[in-house]
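S.K.: Before anything else, here's the structure in question.
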Amino acid sequence: MNSLALINEFLGQPPNASAHGFQIDHILEFCHWFMAALFVGWSVFFIYVLLRFRKRRQPHADHAGVRSHISTHLEFSVVMIEAVLLLGFAIPLWARRVNQFPPGNEALLVHVVAQQFSFNYHLPGADGQFGRRDVNLVSNSNPLGIDPNDPAGKDDIVTTGELHVPVNRPVVAELSSKDVIHDYFVPDMRIAGDAIPGSLIPIWFTPVKTGTYEVICAQLCGLGHYGMKGTLVVDSPQDYQAWLKERAELAGTQTTPPAPAQRPPGEPTGGATPGTIPPPGGPKPPTADAEGAGASPHPAQQLHTAPASGASPTPGG
Ligand SMILES: [Cu+2]
């Protein structure tokens, strides 16, 4: 770390842990120093103008305005520096990030599916193939709607909140969302990307330091946004293989994945989880609302709605 990096640290940026991060850091450092210089420069100019054009010295307004061209030259220089920063550094760096993805056989591909208020991860398992996902199969016990009848999905690994990746290997994360727009942000990896319903947005990074890093949602996505955090664990290759084995064993024995994240205080406690809203005209799920006694249906009505045929939320197999 050179002395220029002091301003990034001062502003709370965690140390970089990715292969490309130093390029982002250089631009950030330059921008922060440039903005600091502009702030000091314009502040001095402002104070000078207040004194120079005070009423005692300038009792009558002068319509001719400023005769010196210094401020014009200064403003032109600032515009030039900003144009060079944007066209010469920021846009080429961004272009490299979005155009030069690592080759598919080299990278680890993971699907990241955001929802209020957690991140789900889908890994292809030992066969390297992702199982088919269907929005109609999404339920509390199958948060990603993986088709139980698809052989490619049998060994898939699904986790919520925590992802493990091996060190020094590129990771391509394809972002999508089940409900609203989220943003998958890993500050230590200097990477972020929006997770938008109906879109698949790939981002990539290569972790270069083992450790545990924070993942946060960087889009205001609802009342529980503040708690939408996760963990990225960068493992040594051996630890990563051990984790994969552990997850595969868990997937084999566990029929019910972990319960969905609890709703934060203030969030409506309606029974439906995002993605499990029944289609219009379909049977309504039994209401789990404990707040309003009037909301719970009459036992006779429950008899009508509960045993609707073909509406079992439990995936077969
Ligand atoms: Cu979010």
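The values are calculated or read from the model by the stated rules, or taken from the named source; none is laboratory data. This structure is a prediction, so every number in the text was calculated from the model and none was measured. Counting neighbours? That spans all protein chains shown, and the Cβs are built from the backbone with ideal geometry, glycine included. Quick note on the areas: whole protein, heavy atoms, side chains included, nothing else; ligands and nucleic acids left out. Shrake-Rupley method; radii C 1.70, N 1.55, O 1.52, S 1.80 Å.
S.K.: Would you kindly state how much longer the chain becomes between Arg56 and Ile181 on full extension, computed as 0.36 nm times their sequence separation minus their alpha carbon distance, in nm to one decimal?
M.R.: Working it through step by step, the gained length comes to 39.3 nm.
S.K.: What ranking do 210-218, 158-166, 87-95 get when scored by the average of other Cβ atoms within 10 Å per residue, highest first? Could the numbers behind the result be given before it?
M.R.: Values: 210-218: 16.9, 158-166: 19.2, 87-95: 12.1.
The packing order, highest mean first, is 158-166, 210-218, 87-95.
S.K.: How big is the equivalent ellipsoid of region 156-217 along its three axes, where each semi-axis is √(5λ) from the Cα gyration tensor, reported in whole Å from largest to smallest?
M.R.: 20, 13, 11
S.K.: Between region 84-98 and region 127-153, how far is it from one alpha carbon centroid to the other, in angstrom?
M.R.: After rounding, the separation between the Cα centres reads 38 Å.
S.K.: Can I ask one more? For a protection proxy built on the mean count of beta-carbon atoms within 10 angstrom, sort 54-64, 189-199, 33-43 highest first, please.
M.R.: 189-199, 33-43, 54-64
S.K.: May I pose another question? When the accessible area of region 13-145 is split by element with a 1.4 Å probe, what percent falls to carbon and sulfur?
M.R.: Of all accessible area on region 13-145, carbon and sulfur atoms account for 68 percent.
S.K.: Here is a follow-up. Tell me, what is the FRET efficiency for Met80 and Val208 to the nearest 0.05, using R0 = 25 angstrom and their Cβ-Cβ distance as r?
M.R.: Computed FRET efficiency for Met80 and Val208 comes out at 0.10.
S.K.: Can you return the lysines within cross-link range of Lys154? Criterion is Cα-Cα under 20 Å, with same-chain partners fewer than 8 residues away left out.
M.R.: Output for Lys154: Lys245.
S.K.: Considering only the other residues whose Cβ falls under 10 Å of the Cβ of Ile203, what net charge follows from Lys and Arg at +1 and Asp and Glu at -1?
M.R.: Taking every other residue near Ile203 into account, the sum is -1.
S.K.: Can you tell me the length gained on complete extension of the stretch Met35 to Asp239, counting 0.36 nm per residue apart and subtracting the Cα distance?
M.R.: Contour length minus the Cα-Cα distance gives 69.1 nm.
S.K.: Please work out the average accessible area per residue across region 1-154, using the 1.4 Å probe convention, and give it in Å².
M.R.: Dividing the accessible area of region 1-154 by its residue count gives 66 Å².
S.K.: Excluding Val215 itself, calculate the net charge of residues whose Cβ lies under 11 Å from the Cβ of Val215, where each Lys or Arg counts +1 and each Asp or Glu counts -1.
M.R.: Net of charged neighbours comes to -3.
S.K.: While we're on this one: Viscosity 1.306 mPa s, temperature 10 °C: Stokes-Einstein D of region 17-126 from its Kirkwood Cα radius, in µm² per second?
M.R.: In µm²/s, the coefficient is 81.
S.K.: So, one more: How much net charge surrounds Glu249 when only other residues with a Cβ under 15 Å from its Cβ are counted (Lys, Arg +1; Asp, Glu -1)?
M.R.: Computed value for this residue: 0.
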